[in-house]
Amino acid sequence: MIIRRLLLAGATGVFLAIAAPTMATPVAAPQGLAAHSRLLPLEGGQNFRDLGGYRTTDGRTVRWGVLFRSGAMDRLTAADFAYLDRIGIRTVCDFRSTAERTSAPVHWAAARTPTIFADDYTLDTAGLDFRAAAGWNAGQAREAIAASYPRLLERFNGQYRRLFRELLAGDAPLAFNCSAGKDRTGVAAALVLTALGVPRKTVIADYLLSNRYFDPRKAMVPGDPATQAWSHLPPDVVQAFMGVDRSYIDAVFRVIDAHPGGAIGYLRDRLGLGNGELMRLRRMYTVR
């Protein structure tokens, strides 16, 4: 297999891809994947989950072993990489900023390196003023986070569009991630499951699983300024930031539902997913 490295400069930053061959459709789950395992059995995984098994409104089921959501992968061990190699991860869409990827680089120690997509950009706080957080209570923190969430739809629209392009190209099994695997990744997962026809109630339940599977201890680095800043916040405010709340994802869905045509109109107009693309995604990533 020949691997090509591409570096494309654009007005919004630098796009890096390590290209690999595409996969034919439909996408089948790889052999050897543990049946019905939501959280992957990884030693250094952070919120690394399979999106399979969810029922759709038309009675189909999202395929196991082809769509994965995750936090940062920099703590994965050699055994973890070997596991991901066995289940055939082909593509990774890394939503982390330039600084996040630089401070926590991922060195794939496996026979096959997946195609990795990432944009160079500077992470902003989506309108959140962390300097004021020391004086907040938990309710104020949740309100501020919920108010910031709709901005993720606009800020990462290009990366979410790319994610769907890769899915339509059949470049799966595919994993997408950010640092915690709950905010940027949580919105992406909500969009993917919505596109596949998964009911809203189920989409929200998947989003809330980060409260179970995200491990804040893995996000804390002793001596790191950001870690030290967290230590000065009230515990319930830290929990609001470190966890997820239904109000956060509800704020995103209010924007989507307010779009002309609702969710279908939003997927069409903002993500380029017309009826044909939606039908193709469902043929590829769901099964009777």
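Pick from ALA138, ALA169, ALA132: which is surrounded by fewer than 18 Cβ atoms within 10 Å (Cβ to Cβ), more than 26 Å from ALA251 (Cα to Cα) and of a type in the set (A, V, I, L, M, F, W, C)?
ALA169
Looking at (1) touching a helix residue (DSSP H, G or I) at 6+ places or on another chain (Cβ under 9 Å); (2) in contact (Cβ under 8 Å) with a residue 60 or more places away in the chain; (3) closer than 21 Å to VAL66 by Cα, can you tell me which one ARG162 breaks?
(1)
Considering every residue within the range 95-107, establish whether at least one is touching a residue at least 40 places away in the same chain (Cβ under 8 Å), in contact with a helix residue (DSSP H, G or I) (Cβ under 6 Å, 6 or more places away or on another chain) and small (Gly, Ala, Ser).
no
Any residue at all in the range 187-198 that is of a type outside the set (Ser, Thr, Tyr), touching a Gly at 6+ places or on another chain (Cβ under 9 Å), in contact (Cβ under 8 Å) with a residue 12 or more places away in the chain and in a loop (DSSP other than H, G, I, E, B)?
Within the range 187-198 (the criterion being of a type outside the set (Ser, Thr, Tyr), touching a Gly at 6+ places or on another chain (Cβ under 9 Å), in contact (Cβ under 8 Å) with a residue 12 or more places away in the chain and in a loop (DSSP other than H, G, I, E, B)), the answer is no, since none of the residues qualifies.
Name the residue, out of ASP58, ASP50, ASP74, ASP94, that is more than 21 Å from the chain's Cα centre (by Cα) and modelled with pLDDT of 95 or more.
That would be ASP58, the only listed residue that is more than 21 Å from the chain's Cα centre (by Cα) and modelled with pLDDT of 95 or more.
Inspect all residues belonging to the range 225-242 and state whether any of them is closer than 23 Å to ARG165 by Cα, out of contact with any helix residue (DSSP H, G or I) (no Cβ under 8 Å at 6 or more places or on another chain) and aliphatic (A, V, I, L, M).
No, that holds for no residue.
Evaluate the following for VAL237: is it within 23 Å of ALA147 (Cα to Cα), of a type in the set (Val, Ile, Thr), crowded, with 17+ Cβ neighbours inside 10 Å and more than 14 Å from the chain's Cα centre (by Cα)?
When the stated conditions are applied, VAL237 passes them.
Test ALA219 against the criterion of being at pLDDT below 95, within 23 Å of VAL92 (Cβ to Cβ) and buried (at least 18 other Cβ atoms within 10 Å of the Cβ), and give yes or no.
yes
Tell me, which residue of the range 244-288 that is in a loop (DSSP other than H, G, I, E, B) and in contact (Cβ under 8 Å) with a residue 40 or more places away in the chain is surrounded by the most Cβ atoms within 10 Å (Cβ to Cβ)?
LEU273
Would you mind finding the one in PHE48, PHE68, PHE81 that is farther than 22 Å from ASP206 by Cβ, surrounded by 15 or more Cβ atoms within 10 Å (Cβ to Cβ) and either in contact (Cβ under 8 Å) with a residue 40 or more places away in the chain or of a type outside the set (S, T, N, Q) (or both)?
Step by step, each of PHE48, PHE68, PHE81 is checked, and only PHE81 is farther than 22 Å from ASP206 by Cβ, surrounded by 15 or more Cβ atoms within 10 Å (Cβ to Cβ) and either in contact (Cβ under 8 Å) with a residue 40 or more places away in the chain or of a type outside the set (S, T, N, Q) (or both).
Considering only residues that are of a type in the set (Ser, Thr, Tyr) and either modelled with pLDDT under 90 or crowded, with 19+ Cβ neighbours inside 10 Å (or both), which ones fall in the range 195-212?
Hits for the range 195-212 are TYR207, SER210.
Just name the residue that is farthest from the chain's Cα centre (by Cα) out of those in the range 170-186 that are closer than 19 Å to ILE87 by Cβ and not in a loop (DSSP other than H, G, I, E, B).
It comes out as LEU174.
Being farther than 30 Å from THR77 by Cα and more than 16 Å from the chain's Cα centre (by Cα), is that true of even one residue in the range 153-169?
Yes, there is a match, as at least one residue in the range 153-169 is farther than 30 Å from THR77 by Cα and more than 16 Å from the chain's Cα centre (by Cα).
The values are calculated or read from the model by the stated rules, or taken from the named source; none is laboratory data. The structure displayed is predicted, hence computed values, not measured ones. Positions of Cβ are generated from backbone atoms using ideal geometry, with glycine treated the same way; all protein chains shown enter the neighbour counts.
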